[in-house]
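K.L.:
Can you read through this structure? Questions will come right after.
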Amino acid sequence: MSDTSQKSREQRAINLQAEHGVAVVVGVSFIPSTLFIGVGGDITVTTAGGETGVVYKNLPSGSFFPILVTAVTAATATDIVRNY
């Protein structure tokens, strides 16, 4: 990856601040968003980069999930809010 591309990604990440929060419906796609995990567990997501079926295990209750995702396709975690 070029230095310019890396810096662009880092700057985007630094400037990313959510203005909205909406409850996640498992299996329904949405615009790229970070997540808040209300009650911990596992989630399976589609990333904003297009990877599908990515599993994240043992996410703690009350945590923010900083990866941009476009869908939660399965979850044992509950009370998930997407931030965009």
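None of the figures in this text is laboratory data; all of them are computed from the coordinates on show. In this text, all values refer to a predicted model and were calculated from it rather than measured experimentally. All Cβ positions, even for glycine, are placed from backbone atoms using ideal geometry, and neighbour counts span all protein chains on display.
K.L.:
Using the count of nearby Cβ atoms within 10 Å as a rough guide to exposure, how do 43, 67 rank from fewest to most?
P.N.:
67, 43
K.L.:
Determine the relative contact order of segment 19-83: mean sequence separation of Cα pairs under 8 Å and six or more apart, normalised by residue count, in whole percent.
P.N.:
51
K.L.:
Here's a follow-up. Please report Rg over Rh for segment 19-83, where both radii come from the alpha carbon positions and Rh follows the Kirkwood definition.
P.N.:
Ratio value, two decimals: 0.91.
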